[in-house]
Amino acid sequence: MHCHTVFSDGTRTPLQLVQEARERGLDGAAITDHDTAAGWTEAANAARELGMPLIRGTEMSAHWPLGGRKISVHVLAWLYDPDGRRLAELFARTRQRRLERARIMVANLARDYPISWESVCDQAKESDATTVGRPHMADALVAAGVYRTRADAFDGVLSKRGPYYVPVETPTATEAIRAIKDAGGVAALAHVGSFARNRVILSDDQIRACVDCGLDALEVRHRENSPEQRTRLTGLARRWGLLVTGGSDWHGRGGKPNMLGENSTDAATVKEIARRGAIPVV
Ligand SMILES: [Zn+2]
Ligand SMILES: [Zn+2]
């Protein structure tokens, strides 16, 4: 229910996602690139051809304002109407801001490291349709011989706490969820218990506020959610009648170690998500 391709920061094409899902014997897969639906057509064509059920979705970047700081929040949006105006505007805005931010970060890095805007864009596989981000800067640094792996680059000069980092401006979580619901989609908070991404994670009250905006599900099974967090989130889901999903957050080989099919979602839950969505499962 949570997979990335070359249309954001994954290393595999939508066709390869569908092929690999079939090789692994999965009953289906979802494509959820960051802030874009650009990979949907290619994924849907592959899914039809290979007879692999496909859920079309997007992982939206959002935040929860917290004093002067922000909690980064990722919202999975499945089966929404891509012509929903409010949502399309939010994606366009976020992509534009990501691009501006990427240019500033690369300019900062280029003062001290042998990379350029061109060498970073060379790493974005689908060029214009790809949301350029830190993974592409990491790949450019690896290509230039500064680091051995993408992960080393993230721990190094691309770190959020490092001097080169520039944050991306995103909508608030409640804005994002309202826009997804407005477009008839199904909304889930992704890896909401992950301390790898935030020092402070969403509180029960903050998640409750998301539920009041129409949140459908919590991604409980994700490799970054600790056993304690899974227990907590399962309890909240039960209390508020939310669906519980799992996600591999697959990025393809060489992207992240996450394996396609890890933390899958049960058939009954997928069926309910399909029932709620504005567009059909392919
Ligand atoms: Zn995420
Ligand atoms: Zn993801």
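The values are calculated or read from the model by the stated rules, or taken from the named source; none is laboratory data. This is a predicted model, so every value here is computed, not measured. Reconstructed Cβ throughout: ideal geometry from the backbone, glycine too, with neighbour counts over all protein chains shown. For the accessible areas, the whole protein counts, side chains as well, though only heavy atoms, and no ligand, DNA or RNA atoms are used. Shrake-Rupley method; radii C 1.70, N 1.55, O 1.52, S 1.80 Å.
Some notes on this structure:
- Range in the chain, longest, excluding exposed trypsin sites (Lys or Arg not before Pro) [loop by DSSP; at most 16 other beta-carbon atoms within 10 Å]: 25-110
- Helix 227-240 axis, angle to the chain major axis (alpha carbon atoms, nearest 10°): 40 degrees
- Applying 1/(1 + (r/R0)^6) with R0 = 41 Å to the Cβ-Cβ distance of residue 143 and residue 66 gives a FRET efficiency near 0.70.
- Of every Cα-Cα pair in the chain, the percent that sits beyond 29 Å: 29 percent
- Residues whose amide H falls under 5 Å from that of residue 220, counting only those 5 or more places apart or on a different chain, are 245, with hydrogens built in the peptide plane.
- Our summary gives the chain a relative contact order of 23 percent, counting only alpha carbon pairs under 8 angstrom and 6 or more residues apart.
- Degrees between helix 134-143 axis and first principal axis of the chain (Cα, 0 to 90, nearest 10): 40 degrees
- Accessible surface of the chain, 1.4 Å probe, proportion on carbon and sulfur as whole %: 49 percent
- Computed over the range 160-282, Cα set: Rg, Dmax in Å: 15.3, 47
- Residue 21 sits among other residues whose Cβ lies under 15 Å from its own Cβ, and their net charge, with Lys and Arg +1 and Asp and Glu -1, is -1.
- When the listed pairs 70/181; 70/125; 181/271; 181/256 are checked against a 20 Å cut-off, the alpha-carbon distance exceeds it for 70/181; 70/125; 181/256.
- Calculated FRET efficiency for the pair residue 93/residue 48, C-beta based, R₀ 35 Å, to 0.05: 0.65
- Solvent-accessible area per residue, Å², over the chain with all protein chains present [probe radius 1.4 Å]: 44 Å²
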